[in-house]
Amino acid sequence: MKKSTIALIVAAIVCLGLSVFSVKASVTRTNTAIENIGEVAYTDECKAKIDRAVEYYNALDPNFDLKERINHMEDFDAAKIEYARLAIKAASVADARKTVEGYSSDDVKKYVEEAREVVDQYLTADQYALVENYADLAALENEYTSTGGTGGASEEVSIPMC
């Protein structure tokens with residue numbers, strides 16, 4: 001009986017130690033992913049880095065208040081907001097090029113849907129106002145997704161620069 005009690009206590013201590021290590025590792029992994037984002041650009045590589053950081057951040061156990069231990073939250077939020085701005089900008093540029101370069105409505109719709117996915121995946125509702133061109137997304141969605149419109153094909157537009 002004495003040996004089984006000791007074995008049980010040792011097992012509990014090992015489990016506790018592993019749990020503490022796991023918590024620390026998940027915070028470290030998330031902090032590292034955020035630091036690795038670097039300069040934000042509208043590229044697949046940058047999106048993959050942000051996606052990884054978002055995945056790790058969302059996986060943090062809320063029972064341990066781990067999100068409060070994340071360093072550089074301001075930088076993380078700024079990166080997500082900037083990528084959302086760039087995704088919306090890409091949709092706006094595709095819309096502008098529809099007239100100039102013959103993009104189809106389906107091409108533009110693809111960019112609009114991608115921008116919406118980025119906004120929904122990366123931002124909270126209260127962060128939408130921080131994306132300076134969020135109204136452009138709403139307008140493009142109104143044109144290309146909800147009404148099935150053809151966009152501004154008859155408008156003369158200039159192509160905005162990022």
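The values are calculated or read from the model by the stated rules, or taken from the named source; none is laboratory data. Note that the structure is predicted; figures quoted are calculated from it, not measured. Cβ placement follows ideal geometry from the backbone for every residue including glycine, while neighbour counts extend to all protein chains displayed. The protein model used for the area step is the full one, side chains on, heavy atoms only, and it has no ligands, DNA or RNA in it. Shrake-Rupley method; radii C 1.70, N 1.55, O 1.52, S 1.80 Å.
Give the accessible area for D75 in Å² (nearest 10); use a 1.4 Å probe, count only protein heavy atoms, and leave out ligands, DNA and RNA.
My reading of the accessible area for D75 is about 100 Å².
Given points 7 Å out from each Cα along the Cα-Cβ axis, report the K67 to A41 separation in nanometres with one decimal.
Between K67 and A41, the label points sit 3.1 nm apart.
Whole-Hz ³J(HN,Hα) for each residue in region 124-131, computed from phi via Karplus 6.51 cos²θ - 1.76 cosθ + 1.60 with θ = phi - 60°, x for glycine and proline: what do you get?
8, 4, 6, 8, 4, 5, 7, 8
For a quick check: with amide H placed at 1.01 Å from N, whose amide H comes under 5 Å from Y103's, ignoring anything fewer than 5 positions away on the same chain?
K98
Any idea what diffusion coefficient region 42-125 gets from Stokes-Einstein, in µm²/s, Kirkwood Rh on alpha carbon pairs, 37 °C, 0.692 mPa s?
231 µm²/s
Relative to the present Cα-Cα distance, how much length would full extension add between N58 and Q127 at 0.36 nm per residue of separation?
23.2 nm
What length, rounded to one decimal in nm, is gained on full extension from A139 through to S4, with 0.36 nm per residue of separation minus their alpha-carbon distance?
So the extension gain works out to 41.7 nm.
With a 1.4 Å probe and every protein chain kept in, tell me what percent of the accessible surface of region 36-87 is carbon plus sulfur.
43 percent
In straight Cα distance, which lysines are under 17 Å from K109, not counting same-chain residues fewer than 8 positions off?
K89, K98
Tabulate in residue order the Karplus-calculated ³J(HN,Hα) for region 51-59, using 6.51 cos²θ - 1.76 cosθ + 1.60 with θ = phi - 60°, rounded to whole Hz; enter x for Gly and Pro.
Those phi angles translate into 4, 4, 5, 5, 4, 5, 4, 5, 7 Hz.
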